[in-house]
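Input: a single structure, listed below in structure tokens.
The values are calculated or read from the model by the stated rules, or taken from the named source; none is laboratory data. All of these numbers come straight from a predicted model, not from anything done at the bench. Virtual Cβ from ideal backbone geometry, glycine too; neighbours counted across all protein chains shown.
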Amino acid sequence: MTYGEKLGVMKELRNGPPIEICIGTDKILLCPVNNNWRSVFDNLPEKCGRWRKLNPTVANSSFKITKDRTISWLDFNISACETTLLFIIKNEMLGEIGHIGFDLMEDSSIWISRVVRGEKGVPGAMSEAVREICSIAFSKFDCDEIFLECYEDNIRGVNFYQENGFSIIGKKFLLPKQLNDEVTWAECSEKDDYKRVMLVLLKTKR
Ligand SMILES: CC(C)(COP(=O)(O)OP(=O)(O)OC[C@H]1O[C@@H](n2cnc3c(N)ncnc32)[C@H](O)[C@@H]1OP(=O)(O)O)[C@@H](O)C(=O)NCCC(=O)NCCS
């Protein structure tokens with residue numbers, strides 16, 4: 001499958017219907033964020049901003065989160081980006097409870113990203129969402145491998161991914177870099193006085 005064909009599948013998913021997943025007697029929907037997001041979701045920038053504030057240590061950069069900045073992220077980094085997909089996880093009773101996404105990289109690999117539970121309820125929703133994204137990557141993108149990154153100090157996150165079939169295959173050593181109001185984590189050598197470790201995890205098709 002060519003890179004161009006994979007971009008075509010990204011476009012179909014971005015503009016396609018929500019993906020329905022049953023969890024016991026409950027149900028969640030993976031709703032793609034496209035340039036119609038303002039009419040599809042209620043107060044999405046506020047929700048995404050709040051979820052990010054609740055989980056400050058999982059992002060690879062930290063800065064003051066504002067509504068305008070989150071709107072710009074949804075417009076330019078998400079809905080207008082042909083190599084990125086973000087699904088809002090919705091439940092009929094609870095509304096939006098979190099999000100999950102993935103990125104198509106230049107080498108054609110798929111990396112799961114932006115996995116955040118923002119609200120309690122529907123236990124297992126996040127695991128089922130990860131399984132669904134993996135199933136899409138294996139079937140629709142003809143991938144044999146799916147990657148993701150998770151900070152080593154995010155014990156809950158690392159356990160969550162391992163329980164969902166991912167194995168640690170590598171480490172990146174990181175140093176903080178300040179640029180204006182933003183701190184980002186940049187890769188350095190293991191020999192440097194690194195301050196954080198990012199784990200690389202892999203799940204393979206069986
Ligand atoms: C990592 C994270 C997404 C996991 O969310 P979660 O709510 O624990 O995941 P699930 O929705 O799959 O729920 C799992 C729980 O439901 C239970 N469960 C019920 N039915 C289940 C099912 N069908 N499948 C899986 N788990 C199920 C599990 O036993 C588990 O219970 P426990 O918390 O007592 O161990 C969440 O902690 C989070 O958002 N963390 C902050 C952001 C983050 O770290 N993101 C990932 C790294 S970038």
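What the table below lists for this structure:
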{"quantity": "Residues (touching a helix residue (DSSP H, G or I) at 6+ places or on another chain (Cβ under 6 Å) and surrounded by fewer than 18 Cβ atoms within 10 Å (Cβ to Cβ)) located in region 22-40", "calculated": "ILE23, ASN34, ASN35"}
{"quantity": "Elements of type strands (runs of 3 or more DSSP E) in region 1-101, at least 2 residues being away from the ligand (no atom under 16 Å from the Cβ) and aliphatic (A, V, I, L, M)", "calculated": "none"}
{"quantity": "Within region 122-165, considering residues that are assigned to a helix (DSSP H, G or I) and within 7 Å of the ligand (Cβ to nearest atom), the one farthest from TYR3 (Cα to Cα)", "calculated": "ARG156"}
{"quantity": "Region 166-182, residues that are loosely packed, with under 14 Cβ neighbours inside 10 Å and in a strand (DSSP E or B)", "calculated": "SER167, ILE169, GLY170, LYS171, PRO176, LYS177, GLN178, LEU179, GLU182"}
{"quantity": "Flag if ASN77 is exposed (fewer than 15 other Cβ atoms within 10 Å of the Cβ), under 22 Å from ASP181 (Cα atoms) and touching a residue at least 40 places away in the same chain (Cβ under 8 Å)", "calculated": "no"}
{"quantity": "Test: residue in region 41-55 that is hydrophobic (A, V, I, L, M, F, W, C), at pLDDT below 95 and exposed (fewer than 15 other Cβ atoms within 10 Å of the Cβ)", "calculated": "yes"}
{"quantity": "Residues of region 150-190 satisfying the condition of being touching a Ser or Thr at 6+ places or on another chain (Cβ under 8 Å) and either of a type in the set (S, T, N, Q) or within 16 Å of VAL200 (Cβ to Cβ) (or both)", "calculated": "TYR151, ASP153, ASN154, PHE160, ASN164, PHE173, THR184, TRP185"}
{"quantity": "Which numbered condition GLU82 misses (of (1) modelled with pLDDT under 95; (2) farther than 19 Å from GLU132 by Cβ; (3) of a type in the set (D, E, K, R))", "calculated": "(1)"}
{"quantity": "Scope region 56-74; condition β-branched (Val, Ile, Thr), within 23 Å of TYR151 (Cβ to Cβ) and surrounded by 13 or more Cβ atoms within 10 Å (Cβ to Cβ); matching residues", "calculated": "VAL58, ILE65, THR70"}
{"quantity": "Within region 106-119, considering residues that are near the ligand (Cβ under 8 Å from one of its atoms) and of a type outside the set (A, V, I, L, M), the one nearest to SER139 (Cα to Cα)", "calculated": "SER113"}
{"quantity": "Inter-residue pairs, beta-carbon under 6 Å, first under 24 Å from ASN154 (Cβ atoms) and in region 30-55, second outside any loop (DSSP other than H, G, I, E, B) and small (Gly, Ala, Ser), 6+ apart", "calculated": "VAL33/SER79"}
{"quantity": "Leading residue by the ranking (nearest to ASN34 (Cα to Cα)) among those in region 106-120 that are out of contact with any strand residue (DSSP E or B) (no Cβ under 6 Å at 6 or more places or on another chain) and not polar (S, T, N, Q)", "calculated": "GLU106"}
